[in-house]
Each structure stands twice: as C-alpha cells, then as structure tokens.
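Everything on this sheet refers to the single structure shown next.
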Amino acid sequence: MQRLGPSLWTWDSSWQQAPATSLPLGVQKILLGSAFTSKIKVVLNQGPKKEILVLLPLGVSSLLNLWVQLQGCLFLGTFPAFILLFYLVFYGFLTAMFTLTMWVMLQTVSDHTPKYQDRLATPGLMIRPKTENLDVIVNVSDTESWDQHVQKLNKFLEPYNDSIQAQKNDVCRPGRYYEQPDNGVLNYPKRACQFNRTQLGDCSGIGDPTHYGYSTGQPCVFIKMNRVINFYAGANQSMNVTCVGKRDEDAENLGSFVMFPANGNIDLMYFPYYGKKFHVNYTQPLVAVKFLNVTPNVEVNVECRINAANIATDDERDKFAGRVAFKLRINKT
Amino acid sequence: MEFGKTRGRVTPQELNPSSGPKPKRVPKMVGRRKKEKVKRKKNKANIEELKKEVVMDDHKLTLEELSRRYSVDLTKGLRPEKAQEILDRDGPNTLTPPPTTPEWVKFCKQLFGGFSILLWTGAILCFVAYGIQTYFNEEPTKDNLYLGIVLAVVVFITGCFSYYQEAKSSKIMESFRSMVPQQALVIRGGEKMQINVQNVVVGDLVEVKGGDRIPADIRLISAQGCKVDNSSLTGESEPQSRFPHFTHENLLETRNICFFSTNCVEGTARGIVIATGDSTVMGRIASLTSGLAVGQTPIATEIKHFIHIITMVAVFLGVSFFGLSLMLGYSWLKAVIFLIGIIVANVPEGLLVTVTVCLTLTAKRMAKKNCLVKNLEAVETLGSTSIICSDKTGTLTQNRMTVAHLWFDKTTYEANTSEEQTVNTFAKDSDTWFILARIAGLCNRADFKPDQETLPIAKRATTGDASESALLKFIEQSYSSVKEMREKSPKVAEIPFNSTNKYQISIHLREDSSQTHVLLMKGAPERILAFCSSYLLNGQEYSMDEEMKEAFQNAYLELGGLGERVLGFCFLNLPNTFSKGFKFNTDEVNFPMENFCFVGLISMIDPPRPAVPEAVCKCRSAGIKVIMVTGDHPITAKAIAKGVGIISEGTETAEDTTAQLKVHVRQIDSRDVKAIVVHGSDLKDMSSVQLDEILRNYTEIVFARTSPQQKLIIVEGCQRQGNVVAATGDGVNDSPALKKADIGIAMGVTGSDVSKQAADMILLDDNFASIVTGVEEGRLIFDNLKKSIAYTLTSNIPEITPFLLFIILGIPLPLGTITILCIDLGTDMVPAISLAYESAESDIMKRAPRDPKNDKLVNYRLIGMAYGQIGMIQALAGFFTYFVILAENGFKPADLLGIRHDWENSYVNDLEDSYGQQWTFEQRKILEFTCQTGFFVSIVIVQWADLIICKTRRNSVFQQGMKNKILIFGILEETFLAAFLCYTPGMDMALRMYPLKIFWWLCAIPYSILIFIYDEVRKFAIRNHPGGWLERETYY
C-alpha cells in the first residue's frame, strides 16, 4: 500500500470488493467504503495487517455518536485527517447548497430579456476601429500604422456585405419600428432588417484602393449605438449622429467630413432589438464618418453624439452615454 | 512587530504593563549595548539588595555613640553651617519621584502598542502599494491610498480615545494626592526653628509632637508618651508607643526609631535624624517599587498571540495568491499589489476599536462597583487571576476595633460585630453587666468628637486609642449614654495605661449620694486577676476560689485563641475614709490597691467585613486561592482567616491537629494538612524552593508578621508557579508587591499615595468583596471579547474572498474597499460592542480561572469557526447576491468568468452581456457597485445570524434568551445603517453605493438561516457530548 501525503484522498485498489476512498493517516489508514457498502474500514498498518470494520451509523444522532467513538484510542492518531473529513463534508454541503440556490435563481431568469434594464436607459456610442485608447492615429506613409485598423474594419464590416444581408435579413420599411411582438405565442426567431455595406458609400471599403481612406489621410470612422433590448430609440422620430470638434481649435483642425448614410441618419427600422438569442441575425446600424481634410500632425478631439428624442447625451459621469469622444491624428510628412 | 520581550530590564516603558514600542536594535552600537548590559546587571543587583531586609544599627547604639557617630550635640543639635554642609552633600530630604513617563510617550504607547501595530503595518502596506501603483502608473485607482488613510485615522482616533480614558483615571489618581508643604521643628545650634522638611539633614536634632508627620528616620533620644501610627509603612493600624530604649534587633520592630512619613499620634519626642530622603526605610521601599520590572498583562499577551495568528493567516493567504496570480499570468507588479491587498484585507480594521470600547465599558462598569481601573488592560487581568494575596487590615477587616465577646457570670456572650450593629443580644439584665458596663464606660479616656449626634454610633469619630474607642462605642450602644454616666460620676483621679503596669485605674465619685468613691480598673486580665480577692456572679460578690480562677483561665485562653484582645475589669468601693474631697495622689498611691472585685472580661477584635466571608467563598468556588499576608500576630491572623473563610471550617493547620491529637508536628502526614500559618521570621530563612513547596502544597495559606519585602517575595513565588497574581495593599510597604503582582489593587480610602501609584486598580470602598465583582467582570469580558472577536473576524472571509475570486476567476470585483470599510467600521461596530453586554452563559464564578497557557483569547478553533465555517457560509451568501444582481441585469454567471480584462477597461464602452446588450464602462461600473452594495447588504444580513450565534459558545440561543437590549439595538442599527447607506440620495457619489431592489435583500436570508441552524446543531452536539470530538475541534 503506498503512502501518500497525510491530506490526500486516493482510490485504493487494494480493497478489491468495491472502490473505496482511503485516507492515509501516517501509519494508520482508513478506508471508507463506497456508498452501497456503507462501511468504514480501518486498516492498521502497524505490524501484521489487521482490518477493523466499523458500521457507518444512520441518522444524525448516531452520527454524533460516531464523533464520540472517534476519540477512542483507535482514532487518536487520526485527528488532522478527521478535521479534513469534516471540512470536506461541510464544504461539500455548502457547495450543494450554493449550487441549488444558483440553480433556482437561474430558473427565474428569463432567456430573452433581462429582468432589469434600468442601468441601460441611455445607450452608449462607440467607434470602430476600436483602438486601445480610442485614438485613431494614422501615419499616412507608414502602412503598418493603419493596416491593423483596416484589418479590423474588414472583419467588422464583413457581416454587412450585401450578399449576406440579402440572404439573411428582411428589407424593411424605413422610418418605422420593425416590431415583432410575441402576442402570447413565442415569435421565434425574430427577423432583422438589412443594413447593406453599400449604404456606407465611400466608407464601405468595397473596391476601395484607399483602404477606408486610411492610405490617403482621409480616414473613415464608424459609429455605432449600443444594443439595448426592447429599446425604441428615437421615440418614433428620426434621429441622426453629428460630430464636432470638442473645442474651438479642434473644430478648426477637424475640417470637413461626410457621413454615410447621408446626414448620419439611423433608421427606426433597426429597433427594437430583441436580444442575442431571439434576434439572431440582427445587424446593428452604423454611421460612417469620413474626415476629408483634418489638419495633419495635430491631435484633434472629436465628439460624436446621437440626436434622438429619448436619448440624453449630457450625462456628467458617463462620457459615452449617447455620445463618443475620440482622438484623431493624421501624421503626414 | 514585537514578539518577545526582555524581562528584568528596567526602562520607563516597561513599568507600564502595556507593551511599548520595541527598543531600537542597532547592531553597530556594540559598545553602548555592553554598557547597557552592565547597567542592567547593576540595576538588578540593586533590586536584589533592596529586597533584603534593612540593615542598620543606629537603634542599638547608646546615646553617646549616637552623638559621636553623627557628631551632634544631643541638646543643641547641629550647627547651622554644618547642617548646610550636610544638606549640600546629601541633597534634600525628599523621595526621588518615580521616573514619570512624559505625556507624549504615553500617547505614543497608546498609538503604537499592541493591536495598533497590525493596523499601522496595514496602513504602511497600503501606502507602499499606492506608491508602486503611481510610480509605475498602473491602474490609477486611489483605493489603496484611501484605505491607508482610513487605517491610520482609525488607529489614531482609537489611540486618542484610550489615551483619554487612561488620562481620565490618572486624573482621579491625582486628586488623591495632597500637596501640603510640610514643616519640621529642628534644633540647630541650640535654637528651635521651623524649617521645610526637605532641608532636614542627617544628624539633625528634631522634635515631633502629636499630629506631626515624622520628617525623616529618627532615632529617639527622649520621649513623653509618644505614639506613632506606622500604618502607612507596615499596615498595622494600632498606634505604637515610642521611647528611647532599644527593644528589638529588627529596625522595624524596635521602639526607638520613628520612620519617615509616618505620623506621630500623641505625645512628644526628640531624636536624631539617621537617614533622609531615599535612604530612609520608606525611600528604599519606594525605590524598590519603581525599580521593579513588570511583566505583560495577560490580555496584552493574548493580543500578541492573536496578532501572530492573523499575521500568519494573512501572510499565508497573501503569498499563496501571489504565487497563484503569477501562475495565472499577471505581471509581477500586479501580483505584488495583490499580495499587499490580500494582507491588508486580513486586517480587521474595526477590532481595535471594538476591543478598546469593550474594555472601557467594563472599566466603567467596574468603577460603578467601586473598582477603579487605572490601566485598561488590567480590566481583564482580574478575570484571569488565580491567586489573590490579600492584606488583612482594612481589606478583609473593617479596620476598627469592636467588642466581640464579653465574659461575666462565668458565661461568654457574643457581641454583634456587624458594621450596622443594630441589636446586641446578651444577658442585659444581669447586675454584673451593669457594673461591667459602668467600668468600661468610666474607666475610659476615649470620647466622641463633638457634633456627631446625627451619625450612627458605630460611625462616629472618637479620640483615644482603638480599644478604648471600641469600648466607648459598645457601651454607648448597648448600655446608656457614657456622657451622662460620666457627668453623674465625675472622675477624681486616674492612673493612665502604660506598658509596664498594663492597667488603668480611675477613681470616681459614686452615683448615689453616699459621697464615697469607687475605684475602677481595667487592664491585662492576668494583671487584673492578681489584684482581686473576690468576684461578681449575678451581682453578688463571692470570694475568689480555684474554680473561678480556672474558669477565668479558660475564658481568657478561649478569647485569646480567637485572636482577640482581652481586657479584664474590676472595681473596689473605697471605704468612707475616702469621702468626697479626699486628695488622691496617683504618683504615690494613697489608696488601697488590693482586694478588688473581679467583674469580667471584654474582648475586642477588628472584625471581618460582613461581605468578605461570602466573597472568599466565591473566590474559592471560582478556583481562586486567597492568601492572607499580614503584619499582624499569627493568632489574630489565623482567627480572622478562619472568620472569613480563608482557612475554611474543618480545615486545620498542623499545629491545630497536633494540639488536638497531642502528637508531635513531625508525626503528622503533611499531605493531610491543607492549611498553614507561616510566620514572617520562618519565611525569612526559607529558600525559594521551600516557599514554592508551601505555595504548591497548601491550599489555605496565611502569612503573618511579614515585612514589606516578604510580601514581594510571596507574590513572586506565586508567579513562579505560573499563577496570575492579584495583590492588595494599602501601605507604602505594600507597593512593591502591588507593582510586581499582575494586578496590584490599592485601597482608595485608607491607601497611601505610593500604593495607589503602584497599583493597577483602586478599590474605592476598600472592600475585598469588590474584588470578587471585579473578577466576575474580568472573566465576563474575556468571554465576551472572544465572542466579539469571533463575530468581527467572521466577516473577514466574505471580505477577502471577493478579491481572491476577482484575481482567480477574473470576475468583476464583488466587494470594494469602501464597502469593506463600511462593514468593518460601520455596520459591524455596534453589534460587536453589544456582545460586551452579553450576560454569562453559565456561572462564571463556578469554574477555575483561565489557564493562560492553553485557554487563549483567540485560538485556532475560533479562527476555524470564524474563517472556515461561518465565514464561508457568509461568503457564499454574498456571492449569491452578487450573481443574482448580475444575472438579473444581463450578466449570467458563466459569462462573467474572465470578463475582468474588458470589464475594467474604461475604453471598452460596448461590452456585451449574456443577452447581446452592450454596456458602457460607466454603466457596468454602476452595476458593479450595485453588486458591491448587494454584497455588503448580504453580509449585514448574515451578520444578524452570526451575532445571534456568537451570543453563546455552548448554550442554545433559546436557553440564553435575547435579553441583551444593546444587541437587539445593534441588529437594528446595522440594518438601518445599511439601508441608509444604500438608499440615501447622494451615496452613489459619496461612497458609490447604489439602491437595491427589495428582492436583493432577501437573497442572503437562506444563508442566514443556515448559519443559525448549523451553529445550533453544533452547540447541541457540544452540549450533549462534552469532551467530544466536535467540542475539541470547534469550541473556542
């Protein structure tokens, strides 16, 4: 019989009748019978091998008696192991309890809408390409500096390819919400509206030798609004995204830009969102901004915000609620 | 952190039992250390020397020798120039005050002692972590800075608080001190002059009179009826007469020396100053006191042990997670920050405050019960006490002579000696009693001081010596007004008591109109009997016979054996020849001095205080050995010891047994003898091994006729056995013992200033019984501190695990620094303190004193319970709430794993949840803080259950009841505070706590119930299987 560390549990094959848990205790060894034998087998390794069978008592009060028995001379040397056993049982029970409560809780959580959404009253805005500090730095001459942006954008825009959109999504009527109520029966999966890459015009990157304008110093930045389930953005009125330089000098340095779709409009038909699970092919609407003549070699702070009736953009603390701020820098030699 | 302490070295810091800052160890300064060592040795030698008896021979000298030694004229005194010279040489005649610790040192000791060290370490680690973070510009979060500041502020405020507490009690101390400048009458160059006491020099001829304080140690050269009260030095309350003759080898016993700072009660005396200032007997005792090294208080040791455990747990957790986080791929820098974070998270911020407040509350409660505690930590010391070395006079006894027995008509009557003295029951109708009462009242020089008619007789102040006052009060009480009696039979002549005659005679005009006189006499019984030829029996005169003499002898022995002072009374009706107007001459006796008629005996004792026997009995059942140490005679000491139960009924000393069995002392098996009276002179010859043997083998010990130094030796002997020793005392002579004992108890009423200075505690009513209540409180607070600590430590686990899982699983941080502080310093505070008000589970006075070696304040079982069991359940409750909040807001548990990186990135503002919704950084931070608030509230809710289970360690809550109102208030308070923090508008800005949905409050409740049920089952098993495995593993 090999001896393992005093605190290790191991399957002991020397006891052939049934797999048993064994607890090496220095020179002594306790074998706990598997559940169906309900026996504790104690093997004393000292001298000739002796085996003592202890019947595992049933019920709580006899379990307490077990503890009393344990202080008998037979178990004197087995203390640390028994406290381990105790904690094992104790933690086992706790784990079971925790799992049970978690399971009960998860049963109550719905699959398609979270119970509370009050933290998401104002959807946030975000840009693509996503950079580490939200600064889009383009060294026109240094291909590598913007190539990663381009790669990311290519990947990001892939699902927007017209072919994919046409294949998966519906053509919806613009200017109104695309509601798909359940009406008592689960209406599943929900359909999504098409947002074609071509809608992004010069920023679509299709057959674009300038790589979204990055190679020419006229980069495209894509703005998207965070998805929030059952949020009726715009409150039935049209909405659009606008961008400005944050301060006066930024405004000067920013120069002119064009937006796609025109005017930075976001159509109502992309709302509401029904959640990842039901709204499988949902395509998030985008607004692309192409900066045409940014003053080179200067850092420009740009802030874009959404103008919608039910989206506040003046949250003091959350700088991304209904708006997004990023830095733009075109380095030209 | 200071883990060991050098013993035996005397520095001012160590005179205070609370552990001071560690002496700086500078390895370079070897030379200085060596010097220190030498100094230490010297100091130790000095103390050993001081412990020895005072050796002086001035009292043995003849007057001529004395005059020669001090080159002083015995009538004219020193020449003023010479006196000035000596003054310049020896310095002023004052005691060097003990080196007082400056206030700022005391303050620093409060600030950096004991538990504070742990918090300071935590604070410093926080600043280090913050420093690292700012230096490497890693995660510019200010949490660590704030935590560090909060920790520092907490220690600082607590330090101020306990400093203020102790300053307050030392202020009470100062009010005891009377600062009257003393004057002394010296004769220099033949002129009498009043000078300040500090200008008295060795060799000065001084004159003292009744009411003066003795200005220095004086060898008398002449005296007229001089009596001194040496109680402040020896504790003996009886004034002793002083005269120029050498009477005893021992300086302290001889009658021709008066000691510095004792009082002259009556008479006048002249003497030569033989010692001044620190070299006086009093001075030597004072310097012995201040030179003693004092060990740590038990509670300080306990707290040190506790810090060990906490540090070990913290370092273990910290290091293992340091390794783990490195393995998980965190950078070194992050891992170090984690390490520090985990170590700091283990510091129970609130515990210092809790412990201090609990001790203060108990100190207040004890002060109400007349135990004023000078040092907060001493509160608990009394609870661990296993031996009380008590003084006799004033502590066990009432410190006033009272008539205890009367013997007349061949019968012994008992007088009531209780403090109230309402009824006296004895044969008041016997004629003998009338005569006895009249003798006792008339032949008595004591008198009541005026303007005390409203006071009960027993409380009135009197002039005259103790036994006469006792008689006066007794007669006034049980017979009639002494004043009237004296008016009716005016005194015409008197021979006052003196120690050669041992009797006192007064001659009065008879009350009836016969115009004759009666001679009344009282004195030592055997002397009185010698004068008598007849005796009174039921008012009839019989001539003296052998039978009567034997009866007298028996009575005398019986009363004497009770340790009582016996006086005999007799009278003689003078014949007509001595009718009114006869000039009695007391110098050359011109009246008959024989054939008196014997009336009876009255015996007096300083009776035990009424509550003392019960208190001693309580001590005994509480496993505390009470040892009596007194300067009194062995017989008196033994009688009082028997009276108060120090020597219990049925137990006999070896001498008693021998007397009864009429066998030799050696023939008795010493194992059978449990009681012993040790005489001071025997103690002097004993080795410490022999003393140890006595202390070990006898359960009931009385030390009689002990000198001040011996008291110290006894205390040390007890401490050698591993006992926690309490010593009481009032005299200056007691102060070394008070200082040396683990807890010195001084008497507030009769105690001398020096003894109060040396003591840790002051009994405001001088009553031994108050000590017992003190013991009770001390034991209770130890138990309750355990509970408090168990309660406070438990919440450490739900506070640490979030951080650990944050590191390992990469989930959003479930509990932030601010919320942790809200728990530790907010919601947990009042409930933890409320446990100090918990009543005892069982009779704490019926169990043995705590074994300081094995019964620790915080042991591994307590940590196991708090951390391993209850804490774990609490952590689960918190996590459950956390997961519920996240899941209901869109983040299901499975999606949280490893989310940390994006979650913490403030540039990721479109983090997707389990439903595909996207979150800005601020939105999910608000969610995170809501979760933290939820976690916080869950801890509060599981702490309800924890508080209730911490109420008891063995009993069920149903047995204990919920009588502790403060505890109920604590539960409500923590709940309201949690609700307040959660729902008050603006808290989101101030503490980043957000309102919770009502349902989230309920998440923790199943766990709360689980805690309660689990612990009730555990306690049930412990109760039903005492000594069982569960008890040994989980009973803290």
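The values are calculated or read from the model by the stated rules, or taken from the named source; none is laboratory data. Keep in mind it's a predicted model, so treat the numbers as computed, not measured. Every residue, glycine as well, gets a Cβ built from its backbone with ideal geometry; the counts of neighbours run over all protein chains shown.
Tell me which of these B:Tyr1014 doesn't satisfy, since it passes every other one: (1) within 14 Å of chain A (Cβ to nearest Cβ); (2) surrounded by fewer than 16 Cβ atoms within 10 Å (Cβ to Cβ).
(2)
Condition check ((1) over 13 Å from B:Gln917 (Cα atoms); (2) more than 8 Å from chain B (Cβ to nearest Cβ)) across all residues:
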{"site": "A:Leu106", "(1), (2)": "yes, no"}
{"site": "A:Ser110", "(1), (2)": "yes, yes"}
{"site": "A:Pro114", "(1), (2)": "no, no"}
{"site": "A:Asp118", "(1), (2)": "no, yes"}
{"site": "A:Leu125", "(1), (2)": "no, no"}
{"site": "A:Leu134", "(1), (2)": "yes, no"}
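Can you pull out the residues in segment B:834-848 that are surrounded by fewer than 24 Cβ atoms within 10 Å (Cβ to Cβ) and touching a helix residue (DSSP H, G or I) at 6+ places or on another chain (Cβ under 9 Å)?
Passing the criteria: B:Tyr837, B:Glu838, B:Ser839, B:Ala840, B:Glu841, B:Asp843, B:Ile844, B:Met845, B:Lys846, B:Arg847.
Which residues, taken from segment A:288-325, are within 14 Å of another protein chain (Cβ to nearest Cβ) and part of a loop (DSSP other than H, G, I, E, B)?
Answer for segment A:288-325, where residues must be within 14 Å of another protein chain (Cβ to nearest Cβ) and part of a loop (DSSP other than H, G, I, E, B): A:Ile311, A:Ala312, A:Thr313, A:Asp314, A:Asp315, A:Glu316, A:Arg317, A:Asp318, A:Lys319, A:Phe320, A:Gly322.
Here are some residues: B:Asn501, B:Asn416, B:Asn424. Which one is farther than 19 Å from B:Met604 by Cα, polar (S, T, N, Q) and modelled with pLDDT under 85?
Matching residue, one of B:Asn501, B:Asn416, B:Asn424: B:Asn501.
If you scan segment B:763-796, which residues turn out to be surrounded by fewer than 24 Cβ atoms within 10 Å (Cβ to Cβ) and among the β-branched types (Val, Ile, Thr)?
Of everything in segment B:763-796, just one residue is surrounded by fewer than 24 Cβ atoms within 10 Å (Cβ to Cβ) and among the β-branched types (Val, Ile, Thr), namely B:Thr773.
If only one of B:Ser533, B:Ser489, B:Ser430 is surrounded by fewer than 18 Cβ atoms within 10 Å (Cβ to Cβ) and over 47 Å from the mean Cα position of the chain (by Cα), which one is it?
Selected residue: B:Ser533, the only one of B:Ser533, B:Ser489, B:Ser430 that is surrounded by fewer than 18 Cβ atoms within 10 Å (Cβ to Cβ) and over 47 Å from the mean Cα position of the chain (by Cα).
Matching residues to (1) under 22 Å from the mean Cα position of the chain (by Cα); (2) of a type in the set (Phe, Trp, Tyr):
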residue: A:Val258; (1), (2): no, no
residue: A:Gly264; (1), (2): no, no
residue: A:Tyr274; (1), (2): yes, yes
residue: A:His279; (1), (2): yes, no
residue: A:Lys290; (1), (2): no, no
residue: A:Val294; (1), (2): no, no
residue: A:Phe320; (1), (2): yes, yes
residue: A:Phe326; (1), (2): no, yes
residue: A:Ile330; (1), (2): no, no
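Which of the following residues is within 13 Å of chain B (Cβ to nearest Cβ) and modelled with pLDDT of 90 or more: A:Tyr232, A:Tyr274, A:Tyr270?
None of the other options fit; the residue is A:Tyr274.
Which ones in segment A:106-120 are buried (at least 17 other Cβ atoms within 10 Å of the Cβ) and in a helix (DSSP H, G or I)?
Residues satisfying the conditions are A:Arg119, A:Leu120.
Select from segment A:264-287 the residues that are out of contact with any Ser or Thr (no Cβ under 9 Å at 6 or more places or on another chain), touching a residue at least 60 places away in the same chain (Cβ under 8 Å) and outside any loop (DSSP other than H, G, I, E, B) and list them in ascending order.
A:Met269, A:Leu286, A:Val287 - these are the residues of segment A:264-287 that are out of contact with any Ser or Thr (no Cβ under 9 Å at 6 or more places or on another chain), touching a residue at least 60 places away in the same chain (Cβ under 8 Å) and outside any loop (DSSP other than H, G, I, E, B).
When you look at B:Gly271, is it in contact with a strand residue (DSSP E or B) (Cβ under 7 Å, 6 or more places away or on another chain) and farther than 30 Å from B:Lys856 by Cα, yes or no?
yes
If A:Lys276 satisfies every condition in (1) surrounded by fewer than 20 Cβ atoms within 10 Å (Cβ to Cβ); (2) over 22 Å from A:Asn161 (Cα atoms) but one, which is the exception?
So the condition that A:Lys276 fails would be (2).
Go through segment A:80-104 residue by residue and tally those that are without any contact (Cβ under 8 Å) to a residue 12 or more places away in the chain and at the interface with chain B (Cβ under 8 Å from one of its Cβ atoms).
Total satisfying the criteria: 10.
Exactly one condition in (1) touching a residue at least 12 places away in the same chain (Cβ under 8 Å); (2) touching a Gly at 6+ places or on another chain (Cβ under 7 Å) is false for B:Lys951; which is it?
B:Lys951 satisfies all of (1) touching a residue at least 12 places away in the same chain (Cβ under 8 Å); (2) touching a Gly at 6+ places or on another chain (Cβ under 7 Å) except (2).
Go over the candidates B:Thr268, B:Thr301, B:Thr276 one by one and state the one that is within 30 Å of B:Arg779 (Cα to Cα) and modelled with pLDDT of 80 or more.
Matching residue, one of B:Thr268, B:Thr301, B:Thr276: B:Thr301.
Of B:Tyr983, B:Tyr1007, B:Tyr1035, B:Tyr994, which residue is among the aromatic types (Phe, Trp, Tyr), touching a helix residue (DSSP H, G or I) at 6+ places or on another chain (Cβ under 6 Å) and away from chain A (no Cβ under 12 Å)?
The unique qualifying residue is B:Tyr1035.
Among the helices (runs of 4 or more DSSP H) lying completely within segment B:269-363, list those that include at least 3 residues that are free of Cβ contacts under 8 Å to residues at least 40 places away in the same chain.
Hits in segment B:269-363: B:298-327, B:332-345.
With respect to B:Ala286, determine if the residue is touching a Gly at 6+ places or on another chain (Cβ under 7 Å) and either surrounded by 23 or more Cβ atoms within 10 Å (Cβ to Cβ) or hydrophobic (A, V, I, L, M, F, W, C) (or both).
So B:Ala286 fails the test.
Yes or no: segment B:565-582 includes at least one residue that is of a type in the set (D, E, K, R) and loosely packed, with under 13 Cβ neighbours inside 10 Å.
yes
Can you run down the residue pairs with Cβ atoms below 8 Å, 6 or more apart or on separate chains, where the first is in segment B:1006-1019 and more than 19 Å from B:Lys787 (Cβ to Cβ) and the partner is in a helix (DSSP H, G or I) and not hydrophobic (A, V, I, L, M, F, W, C)?
If the second residue must be in a helix (DSSP H, G or I) and not hydrophobic (A, V, I, L, M, F, W, C), the pairs left are B:Pro1006/A:Thr101; B:Tyr1007/B:Gln874; B:Tyr1007/B:Ser938.
Is it the case, given these coordinates, that B:Leu519 is surrounded by 14 or more Cβ atoms within 10 Å (Cβ to Cβ), in contact with a Lys or Arg (Cβ under 8 Å, 6 or more places away or on another chain) and either not aromatic (Phe, Trp, Tyr) or not in a strand (DSSP E or B) (or both)?
The answer is no for B:Leu519.
To keep it simple, each residue is scored yes or no on (1) touching a Leu at 6+ places or on another chain (Cβ under 9 Å); (2) within 14 Å of another protein chain (Cβ to nearest Cβ); (3) not polar (S, T, N, Q).
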residue: A:Gly245; (1), (2), (3): yes, no, yes
residue: A:Phe260; (1), (2), (3): yes, no, yes
residue: A:Lys327; (1), (2), (3): yes, yes, yes
residue: A:Ile330; (1), (2), (3): no, no, yes
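Kindly establish whether A:Asn169 is away from chain B (no Cβ under 14 Å), touching a strand residue (DSSP E or B) at 6+ places or on another chain (Cβ under 7 Å) and surrounded by fewer than 20 Cβ atoms within 10 Å (Cβ to Cβ).
For A:Asn169, the condition - away from chain B (no Cβ under 14 Å), touching a strand residue (DSSP E or B) at 6+ places or on another chain (Cβ under 7 Å) and surrounded by fewer than 20 Cβ atoms within 10 Å (Cβ to Cβ) - is met.
Go through B:Gly871, B:Gly916 for me and flag whichever is among the small types (Gly, Ala, Ser), in contact with a strand residue (DSSP E or B) (Cβ under 9 Å, 6 or more places away or on another chain) and modelled with pLDDT of 90 or more.
None of the other options fit; the residue is B:Gly916.
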